[in-house]
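One structure is given here, and the rest of the page talks about it.
FYI, it's all coordinate maths here, none of it is from the lab. Quick caveat, the model's predicted, so the values are computed rather than measured. Glycine gets a Cβ as well: all are built from the backbone with ideal geometry, and neighbour counts include every protein chain shown.
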Amino acid sequence: MKYKAIIFDLDGVICHTDHYHYLAWKQLADKLGVYFDETINNRLRGVSRMESLEIILERLDGRVLTKEEKVELAEEKNERYKELLKKMSPQDLSQEVKDTLDFLRTQGLKLAIGSSSKNARLILSQIGLENFFDAISDGNNITMSKPHPEVFLKAAEYLGIEPKDCMVVEDAKAGIEAATVVGMDSGAIGDACGYQLATYDLPKFSSILCFA
Ligand code: B16
Ligand code: MG
């Protein structure tokens, strides 16, 4: 194999919680009287919760919110989002993703999660992968979110593998940039597909097998 480890983004790569994020943010935006749609939601990919809120508040006319009010709004969105996550089950893990992960494991690769989400462990447990990965680096162990590379550097450190021997799989351009900055090769999937900074384009999840 070309790499010793693969670091997977979670939302948009292993599973799809983007619609739940959308629904939870939409409800908050409606309450605030702020316009919000799927295109704006795409800008929230890989971005932290508080930074996502700032993007939504770009359309808030006139009103200036205090830090405390913003934290409260972000918490309100998160409670709604966590309610929606309860609907997830192992059926939300596709057979293709499961088979690909299992195959990569048989090849001796270390497999990690590198996600901006503070709910990463909850999501992994909902889809039955709570004990699958060799390391989990998520929104709880970082101070700077993608495109800063901290989340991937931590994942490599937890695995004990050098960044140059890791490949990152991402659906967010910010995540591809984060990998590039620290010399990690990257595979772009979904929304990030076609991004020129990515080392590989992955038309589907199992395309990883052509490059790993
Ligand atoms: P939370 P990823 C990211 O997950 C999502 O893409 C992004 O939309 C979200 O704002 C971020 O997690 C934080 O999520 O509110 O659950 O902490 O794509 O990096 O796995
Ligand atoms: Mg993502």
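A few comments on the model shown:
- Top positive-direction residue, dipole computed over the chain with Cβ charges, set Leu122, Asn78, Asn42: Leu122
- Efficiency of FRET between Lys164 and Lys67 - r from beta-carbon atoms, R0 35 angstrom, step 0.05: 0.35
- The mean sequence distance of close C-alpha pairs (under 8 Å, at least 6 residues apart), as a share of the length of the stretch 4-125, puts its relative contact order at 49 percent.
- For Val168, residues with placed amide H under 5 Å, excluding near neighbours: Ile7, Asp185, Ser186, Gly187
- Over the chain, the fraction of Cα-Cα pairs per 5 Å bin, rounded to whole percents and listed from the shortest bin up, is 1, 7, 16, 20, 20, 16, 10, 6, 3, 1, 0, 0.
- Label-to-label distance for Cys210 and Glu38 is 2.6 nm, based on points extended 7 Å past Cα in the beta-carbon direction.
- Helix-only CD estimate at 222 nm, as mean residue ellipticity for the chain, using -39500 (n - 2.57) per DSSP H run (n ≥ 4): -12500 deg cm²/dmol
- Rounded FRET efficiency, nearest 0.05, which uses the C-beta distance separating Leu23 from Asp102 and R0 of 25 Å: 0.20
- For the pair Cys193 and Arg59, label points projected 7 Å from Cα toward Cβ lie 2.7 nm apart.
- J(HN,Hα) series, the stretch 2-16, from Karplus relation 6.51 cos²θ - 1.76 cosθ + 1.60, nearest Hz, glycine and proline x: 6, 10, 9, 8, 10, 10, 9, 5, 9, 6, x, 10, 7, 8, 10
- Pairs exceeding a 29 Å alpha-carbon distance, out of Lys31/Lys118; Lys2/Lys118; Lys31/Lys98; Lys67/Lys204; Lys4/Lys82: Lys2/Lys118; Lys31/Lys98; Lys67/Lys204; Lys4/Lys82.
- Length-normalised contact order for the chain - Cα pairs under 8 Å, 6+ apart - percent: 26
- Projected label distance in nm at Asp201 and Val181, using a 7 Å step from Cα toward the beta-carbon: 2.6
- Derived scalar couplings ³J(HN,Hα) [the stretch 187-194; Karplus, 6.51 cos²θ - 1.76 cosθ + 1.60; whole Hz; x for Gly, Pro]: x, 9, 10, x, 4, 8, 4, x
- FRET E, pair Lys31, His148, Förster distance 25 Å, beta-carbon r, rounded to 0.05: 0.25
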